[in-house]
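What follows is a single structure, written as structure tokens, with notes after it.
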Amino acid sequence: MSLSSACAESIQRDVGLAERTWFGLGGSARYFCVPNSRDQLIDVLRWASEQELAVRVLGRGANVLVSDGGFDGLVIRLEHDVFSQSTYQGTRVRVGGGANLMIVARDCAKRGLSGLERLAGIPATVGGAVAMNAGGRYGEISDVIESVELMDRDGVVRHVAADAMGFGYRHSDVGDRIVLSAALRLTDAPADEVVDRFQAIWREKSQSQPFAEHCAGCMFKNPPGHSAGKLIDDAGLKGSSVGKARVSRRHANFILADRGATAADVLALADRVRDEIFARTGLKLEREIDVW
Ligand code: EPU
């Protein structure tokens, strides 16, 4: 299949991903596209599947490590307005998959809608947060989801109820489908209280985590009943390094990429940490971040 000329124009070649991810490193995407409509998204997906290209959706790049050789496929960003609109109807909100989760959470708080403020400080798009069921100490996005609108690789759109989404700890069954939007069910509460809670949770997170550095949130999932950060800290691994990658002294489950770090440095350090924790405790740390 050949692409319509509008779609062909929308696809860029060899686009650097370092500046689009929080780690700030890694190579380029062979193809990169910001579709401006659902039809264009369908066209591009069909083309990619005919070319047998791997496809990834890039959200705010806060949970992704791009390998040094780059990504040999198509990277899609849903940053066009058509994918980031929100509609409010009482305590029900429909939010676009490309919307910035923090902006949506803040807007909900100001409207006196409670539920999303517990995710304060998670730098994600709505779609990225749904795909990995993002969350923290105060809850997960699945707590407020009623249904998710998903597009598969053939462009077929389905609304899937939350209980059929396979939500678990940092997990969903989104798989290779694209989150077009999510329907949320929030609760009414005094706006000033929700805003205060939002700010307090954000403050707490920014005090305990190294926000200002190049990293991708927590490197490992917490093994059941344990905190990966505490295990790594107890093993004395804070500050240990490979090349220009090092374990944060503020929170041991964060690997920081200093200037000049490569993805290989980060992965080698993550492997070393995983092996040391296994040798000490018998617990297997599983990576939380996505490696492209
Ligand atoms: N701790 C240490 N040393 C450290 C880090 C933590 O001793 O270097 C201790 C803390 O003092 C605390 C316990 O470990 O007693 C748990 O730490 P924290 O409250 O920071 O929570 P966490 O389990 O490490 C989880 C999520 C975070 C989320 C926070 C807060 C995971 C893997 N991590 O961290 O999510 O922000 O709770 O809600 O589930 C992420 O997923 O990327 C992420 C940052």
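Coordinate-derived values only; no laboratory data. Because the structure is a prediction, the values reported are computed rather than measured. Glycine gets a Cβ as well: all are built from the backbone with ideal geometry, and neighbour counts include every protein chain shown.
Straight-line cross-link partners of K238 among the lysines, defined as a Cα under 23 Å from its Cα and at least 8 positions apart when in the same chain: K205, K221, K230, K284. Across region 112-120, coupling constants 3J(HN,Hα) worked out from phi with the 6.51/-1.76/1.60 Karplus curve, θ = phi - 60°, read x, 10, 9, x, 7, 4, 5, 9, 3 Hz, and Gly and Pro carry x.
FRET efficiency for the pair E286 and E9, taken as 1/(1 + (r/R0)^6) with r the Cβ-Cβ distance and R0 = 30 Å, rounds to 0.15. Relative contact order for region 1-140: 20 percent, from Cα pairs under 8 Å spaced at least 6 residues apart, divided by residue count. Label sites at D107 and R153, each approximated as a point 7 angstrom past Cα along Cα to Cβ, lie 3.3 nm apart. Projecting label points 7 angstrom from Cα along Cα→Cβ for K238 and N36 puts them 5.1 nm apart.
Based solely on its DSSP helices, what 222 nm [θ] is calculated for the chain when runs of n ≥ 4 H residues each add -39,500 (n - 2.57) and the sum is averaged over all residues, nearest 500 deg cm²/dmol? Helix-only estimate at 222 nm: -8500 deg cm²/dmol. Counting charges near E140 (Lys, Arg +1; Asp, Glu -1) among other residues having Cβ under 12 Å from its Cβ returns a value of +2.
Less than 5 angstrom separates the built amide H of E146 from those of A183, L184, R185, all sequence-distant by 5 or more or on a different chain. Applying a DSSP loop filter and a limit of 14 other Cβ atoms within 10 Å to the chymotrypsin sites (Phe, Trp or Tyr not before Pro) in region 60-131 leaves nothing. Applying the criteria of a DSSP loop state and at most 11 other Cβ atoms within 10 Å to the trypsin sites (Lys or Arg not before Pro) of region 223-292 yields R259, K284.
Taking other C-beta atoms within 10 angstrom as a stand-in for reagent exposure, I42, I76 fall in the order I42, I76, fewest first. Taking other C-beta atoms within 10 angstrom as a stand-in for reagent exposure, T125, T262 fall in the order T262, T125, fewest first. Relative contact order, whole percent, for the chain stands at 17, derived from Cα pairs under 8 Å and 6 or more residues apart. Within the chain, the longest run free of GluC sites (Glu not before Pro) that sit in a DSSP loop with at most 13 other Cβ atoms within 10 Å is 53-285. For W292, the residues whose amide H sits under 5 Å from its own are L65, V66, S67, ignoring neighbours fewer than 5 places away on the same chain, with H placed 1.01 Å from N.
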